[in-house]
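Enquirer: I'd like to ask you about the structure that follows.
The values are calculated or read from the model by the stated rules, or taken from the named source; none is laboratory data. Every value quoted in this text rests on a predicted model; they were computed, and no experiment measured them. With ideal geometry, Cβ positions are generated from the backbone for all residues, glycine too; neighbour counts draw on all protein chains shown.
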């Protein structure tokens with residue numbers, strides 16, 4: 001495919017929601033010469049379908065970057081943004097300083113306390129009428145693995161994990177939108193975990209009791225965060 005054919009394919013993917021991103025990518029293509037276009041086309045797979053999938057990933061990548069730029073802090077550790085019908089909660093990326101002070105277990109428990117606090121704060125925001133069209137909280141991250149996924153499963157989150165081999169499999173990506181999103185954000189060389197929980201579940205008496213019990217168990221291990229940072 002030549003430059004004009006790639007541009008035409010990209011323009012055919014334009015929607016009301018992504019038109020600004022598509023226009024941005026069209027501008028990037030205009031700055032490339034035919035040799036660079038030819039090399040990019042070959043690297044992406046050479047077929048119209050492979051180029052379509054590549055452009056789809058680039059649109060998602062730019063969209064994610066824009067959403068990330070709009071993230072707001074919800075407490076001292078977590079940030080969040082809107083993504084479709086979800087509030088997209090972002091795990092902290094660099095925990096090395098905390099691990100040096102508290103160790104791995106202490107760090108995980110501290111993160112989990114801040115996570116529960118973040119969920120409470122977002123829930124209160126929804127109840128106040130800020131996010132009437134939002135139905136759930138969603139997370140995706142290479143950090144979201146092992147003990148963290150188990151912790152979330154115990155709190156009734158729906159979780160998935162994607163291996164690097166799956167993220168490198170084009171057929172798997174085409175059948176799994178969550179995996180395709182993970183690749184667009186983090187690339188295909190890291191195992192990635194995802195978790196989702198609905199506000200209807202968060203607001204149930206059963207879940208609220210489970211949250212209080214979880215906080216109490218973490219506190220018994222000597223892990224606490226400041227009173228102005230968590231809702232009990």
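Enquirer: Residue check, residue 174 against (1) in a helix (DSSP H, G or I); (2) closer than 29 Å to residue 122 by Cα; (3) at pLDDT below 95, all met but one. Which one?
Expert: Looking at each condition in turn, residue 174 falls short on (2).
Enquirer: Answer yes if at least one residue in the range 92-111 is in contact with a strand residue (DSSP E or B) (Cβ under 9 Å, 6 or more places away or on another chain) and modelled with pLDDT under 85, and no otherwise.
Expert: Looking for residues that are in contact with a strand residue (DSSP E or B) (Cβ under 9 Å, 6 or more places away or on another chain) and modelled with pLDDT under 85, one finds at least one in the range 92-111, hence yes.
Enquirer: Among the numbered conditions (1) closer than 16 Å to residue 61 by Cα; (2) surrounded by 17 or more Cβ atoms within 10 Å (Cβ to Cβ), tell me where residue 202 comes up short.
Expert: If we test residue 202 against (1) closer than 16 Å to residue 61 by Cα; (2) surrounded by 17 or more Cβ atoms within 10 Å (Cβ to Cβ), just (1) comes out false.
Here is a yes/no grid of residues against (1) assigned to a loop (DSSP other than H, G, I, E, B); (2) over 26 Å from the mean Cα position of the chain (by Cα); (3) modelled with pLDDT under 95:
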site: 190; (1), (2), (3): yes, no, yes
site: 193; (1), (2), (3): no, no, yes
site: 197; (1), (2), (3): no, no, no
site: 201; (1), (2), (3): no, no, no
site: 206; (1), (2), (3): no, yes, no
site: 210; (1), (2), (3): no, no, no
site: 213; (1), (2), (3): no, yes, no
site: 225; (1), (2), (3): yes, no, yes
site: 231; (1), (2), (3): yes, no, yes
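Enquirer: Only helices (runs of 4 or more DSSP H) wholly contained in the range 60-170 count here; list those with 3 or more residues that are surrounded by 15 or more Cβ atoms within 10 Å (Cβ to Cβ) and either assigned by TED's automatic domain parsing to the domain that holds residue 216 or touching a helix residue (DSSP H, G or I) at 6+ places or on another chain (Cβ under 9 Å) (or both).
Expert: Filter on the range 60-170 gives 96-127, 147-154.
Enquirer: What number of residues within the range 14-25 satisfy the criterion of being in contact with a helix residue (DSSP H, G or I) (Cβ under 6 Å, 6 or more places away or on another chain) and either farther than 21 Å from residue 180 by Cα or in contact (Cβ under 8 Å) with a residue 40 or more places away in the chain (or both)?
Expert: 2
To keep it simple, each residue is scored yes or no on (1) more than 16 Å from residue 58 (Cα to Cα); (2) outside the structural domain of residue 58 (by TED's automatic domain parsing); (3) at pLDDT 90 or above.
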position	(1), (2), (3)
5	yes, no, yes
8	no, no, yes
16	yes, no, no
19	no, no, no
22	no, no, no
25	no, no, no
30	no, no, no
35	yes, no, no
38	yes, no, yes
